[in-house]
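A.B. asks: For reference, the structure I am asking about is given below.
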Amino acid sequence: MTIRLLPSNLVNQIAAGEVIERPASAVKELVENAIDAGASRVDVVLAEGGQALISVTDDGSGMAADELSLALERHATSKLPEDDLAHIRHMGFRGEALPSIGSVSRLRMTSRPKGADTAWTVLVEGGLKGQPEPAAHPAGTRVEVRDLFFATPARLKFLKHPRTELIHAREVLERLAMAHPRVAFTLSDEARSILKLPACGGDDETARLERLIAVLGREFGPASLEVLADREGVRLSGRIGLPTFNKATSAAQYLFVNGRPVRDRLLGGAVRAAYQDVLAHDRHAVVSLFLDLPSDAVDVNVHPAKAEVRFRDQGLVRGLIVSALKHTLAGAGHRAAAPSGNLGALGAFHAPEIRLPMHGGGASGWQPPFRPRQDDFDRASLAQAPLGFSDVAPQGRPFVPDRTEEETAVSYPLGVARGQVHDTYIIAQTADGLVIVDQHAAHERLVYERMKDAIAAGGIARQGLLIPEVVEMEEIACARLLPRASELAALGLVLESFGPGAVVVREVPALLGDCDVQGLVRDLADQLAEWGEALALQDRLAHVCGTMACHSSVRAGRKLNGAEMNALLRQMEATPNSGQCNHGRPTYVELKLADIEKLFGRR
């Protein structure tokens with residue numbers, strides 16, 4: 001075969017295959033050009049999902065006739081003034097987007113520099129460029145891309161339904177809008193407006209939060225935490241969702257490096273590591289994180305579509321993200337995201353008409369509601385208080401709070417316990433509403449955090465069982481557990497072989513108290529089957545501790561007295577991450593008095 005140079009048009013089409021995967025890719029490149037041009041407003045119009053038309057109009061600096069023609073040549077750019085790839089300060093820098101798009105479509109670009117009297121337009125059809133001509137246009141630039149991929153029809157069959165392509169284009173625009181809150185963005189499909197994001201004012205943090213709420217929804221504001229950290233010239237900022245505000249996929253994780261939206265495995269892995277203690281393995285956090293670092297500390301020239309980056313010091317970046325997010329989550333204390341949809345469901349409820357008989361007494365007559373007397377609380381025994389409640393009333397003393405104590409308790413974030421429903425949920429009154437606590441989920445988190453502290457302090461104290469417990473299982477399950485006996489002993493669980501198909505547990509972590517030993521051992525055996533033999537338990541320490549905590553917590557169905565309930569509330573307020581259990585579910589929900597009044601038509 002003879003070696004030859006490819007025609008320039010074919011070279012452009014090959015480049016387009018790398019850069020322009022779908023209409024959303026073209027939208028990304030064109031909008032980035034508009035942002036680089038200093039635009040304060042960018043309007044995007046799509047027809048048939050972008051296949052028939054992509055129009056991007058901005059009010060940026062604009063271009064003169066000679067620049068307009070030169071911009072359509074390969075590798076022509078204004079964004080590398082010093083020809084230094086180590087210091088890239090713009091969204092674009094390669095000079096490939098416009099000629100690549102023009103090689104597979106009918107592209108018309110019209111532009112007018114600010115202060116100029118005349119606008120100019122140029123047409124590119126399937127890579128063939130015309131001459132600039134005078135045109136009428138305000139200051140700024142408009143790029144129209146028609147019949148995308150008409151010059152490469154094989155690419156058309158890979159496009160999805162126009163609605164799907166429109167969704168992809170919207171996601172691209174939203175990501176760019178998050179990083180540039182001072183710029184207004186609109187998206188329409190000629191018939192209707194799809195997205196309208198006005199420019200945000202105020203200081204930088206206020207503008208960013210306003211834009212994030214506009215994109216992620218109003219509930220993201222109160223359900224998120226601000227992140228701000230610096231280390232060795234690397235700055236991390238943004239907002240992260242509370243663990244209870246999570247999604248089924250990682251699509252709501254928005255990561256930016258020097259203002260550039262990226263999808264980076266290192267950053268995504270750091271987010272997962274930061275949330276591993278507070279989120280179920282099949283749920284994903286909602287975050288919008290902005291990483292700013294010197295341009296020579298990151299290489300953005302590693303992916304044709306500039307979607308990936310490479311850091312000079314990966315350990316520094318990962319460590320900063322993990323530590324900053326963990327510190328922020330711990331600082332949230334007992335906060336949890338409000339349950340979505342619950343109030344709406346309550347608001348749709350209408351109590352049925354209930355006829356109350358006017359006579360009293362008798363088995364079938366109306367009885368006044370039961371009101372517990374103080375004697376009932378006096379008879380409640382504290383002998384069954386769950387292990388770890390160090391601040392419950394002393395043994396044998398009744399829970400008799402005086403009025404001063406009660407008023408003080410109401411002022412606490414989680415209020416004062418008023419009762420227990422279905423032996424599972426604690427009802428507490430706060431200063432401006434009420435709180436419903438899942439006692440099992442809440443205590444599970446408390447035990448888990450204590451186990452982590454114990455490990456950090458040098459080890460988990462063990463307590464011997466008065467009567468060792470024999471756990472019968474399949475032989476293969478026993479075979480998975482016994483080789484790990486020394487590792488489990490370091491975590492406070494001492495077990496030995498007890499013949500074929502059984503193990504005997506002699507000691508358990510002291511923090512667990514009267515735990516479900518049978519269920520704990522069987523769950524650990526199942527987890528070992530999932531993780532494999534080569535993995536050390538220390539590598540899965542959080543999961544092991546979480547399993548232990550789950551089997552030792554106050555169970556649903558356990559009756560608690562007033563002192564026990566209030567002790568649980570006070571410990572929740574003092575424990576990091578207590579707003580959610582180890583699986584990411586909320587430990588409590590809160591109803592404000594105003595919301596309750598709305599339900600009953602008082603507002």
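The values are calculated or read from the model by the stated rules, or taken from the named source; none is laboratory data. What you see is a predicted model; the values in this text were computed from it and never measured. Using ideal geometry, Cβ is built from the backbone for each residue, glycine included, and neighbour counts are taken over all protein chains shown.
A.B. asks: Given the condition of a type in the set (Val, Ile, Thr) and either modelled with pLDDT under 90 or assigned by TED's automatic domain parsing to the domain that holds residue 186 (or both), answer yes or no: does some residue in the stretch 230-248 qualify?
C.D. replies: yes
A.B. asks: Among the residues of the stretch 69-78, is any surrounded by fewer than 20 Cβ atoms within 10 Å (Cβ to Cβ), assigned to a loop (DSSP other than H, G, I, E, B) and at pLDDT 90 or above?
C.D. replies: No, the conditions are met nowhere in the stretch 69-78.
A.B. asks: Count, please, the residues in the stretch 420-434 that happen to be touching a helix residue (DSSP H, G or I) at 6+ places or on another chain (Cβ under 8 Å) and of a type outside the set (Ser, Thr, Tyr).
C.D. replies: So the count comes out to 8.
A.B. asks: Now for a different question. Check the stretch 211-219 and report whether any residue there is in a strand (DSSP E or B) and surrounded by 15 or more Cβ atoms within 10 Å (Cβ to Cβ).
C.D. replies: no
A.B. asks: Still on this model: Specify which of the listed residues (173, 156, 197) is within 30 Å of residue 102 (Cβ to Cβ), touching a Phe, Trp or Tyr at 6+ places or on another chain (Cβ under 7 Å) and surrounded by fewer than 17 Cβ atoms within 10 Å (Cβ to Cβ).
C.D. replies: Just one listed residue meets the conditions, 156.
A.B. asks: Do any residues in the stretch 30-47 that are at positive phi have Cβ atoms under 8 Å from those of residues that are assigned to a loop (DSSP other than H, G, I, E, B), where the two are at least six apart or on different chains, and which pairs are they?
C.D. replies: Matching pairs, first to second residue: 38/60; 38/61.
A.B. asks: Given the criteria surrounded by fewer than 15 Cβ atoms within 10 Å (Cβ to Cβ), modelled with pLDDT of 85 or more and in the same structural domain as residue 58 (by TED's automatic domain parsing), does residue 161 qualify?
C.D. replies: yes
A.B. asks: Here is a follow-up. Does residue 116 fit the bill of being surrounded by fewer than 22 Cβ atoms within 10 Å (Cβ to Cβ), in the same structural domain as residue 66 (by TED's automatic domain parsing) and under 18 Å from residue 31 (Cα atoms)? Working first, answer last.
C.D. replies: Details: surrounded by fewer than 22 Cβ atoms within 10 Å (Cβ to Cβ): yes; in the same structural domain as residue 66 (by TED's automatic domain parsing): yes; under 18 Å from residue 31 (Cα atoms): no.
No.
A.B. asks: Please verify whether the stretch 11-20 includes one or more residues that are under 14 Å from residue 172 (Cβ atoms), of a type outside the set (Gly, Ala, Ser) and modelled with pLDDT under 90.
C.D. replies: yes
A.B. asks: Out of everything in the stretch 549-564 that is part of a loop (DSSP other than H, G, I, E, B) and closer than 15 Å to residue 427 by Cα, what residue ends up being modelled with the lowest pLDDT? Even if it seems obvious, please write down each step before you answer.
C.D. replies: First, pick out the residues of the stretch 549-564 that are part of a loop (DSSP other than H, G, I, E, B): 553-561.
So of that shortlist, the ones also closer than 15 Å to residue 427 by Cα come out as 556-561.
Values: 556: 59, 557: 65, 558: 76, 559: 84, 560: 86, 561: 88.
Among those that are part of a loop (DSSP other than H, G, I, E, B) and closer than 15 Å to residue 427 by Cα, it is 556.
A.B. asks: In the stretch 423-461, what residues are in contact (Cβ under 8 Å) with a residue 60 or more places away in the chain and among the small types (Gly, Ala, Ser)?
C.D. replies: Listed by number, the residues that qualify are 428, 433, 441, 442.
A.B. asks: Given the condition within 19 Å of residue 455 (Cβ to Cβ), in contact with a strand residue (DSSP E or B) (Cβ under 8 Å, 6 or more places away or on another chain) and in the same structural domain as residue 447 (by TED's automatic domain parsing), answer yes or no: does some residue in the stretch 496-508 qualify?
C.D. replies: Within the stretch 496-508 (the criterion being within 19 Å of residue 455 (Cβ to Cβ), in contact with a strand residue (DSSP E or B) (Cβ under 8 Å, 6 or more places away or on another chain) and in the same structural domain as residue 447 (by TED's automatic domain parsing)), the answer is yes, since at least one residue qualifies.
A.B. asks: Return a yes/no flag: does the stretch 289-299 have any residue that is closer than 28 Å to residue 438 by Cβ, over 13 Å from the mean Cα position of the chain (by Cα) and modelled with pLDDT of 90 or more.
C.D. replies: no
A.B. asks: How about the stretch 429-522: which strands (runs of 3 or more DSSP E) wholly inside it have at least 1 residues that are closer than 30 Å to residue 597 by Cα?
C.D. replies: Working: elements: 433-438, 462-472, 494-497, 502-509.
Those strands (runs of 3 or more DSSP E) span 433-438.
Residue-by-condition table, conditions (1) under 29 Å from residue 327 (Cα atoms); (2) free of Cβ contacts under 8 Å to residues at least 12 places away in the same chain; (3) over 22 Å from the mean Cα position of the chain (by Cα):
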site	(1), (2), (3)
185	no, no, yes
191	no, yes, yes
199	no, no, yes
219	yes, no, no
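A.B. asks: Which of the residues belonging to the stretch 285-297 are surrounded by fewer than 22 Cβ atoms within 10 Å (Cβ to Cβ) and assigned to a strand (DSSP E or B)?
C.D. replies: Hits for the stretch 285-297 are 289, 290, 292.
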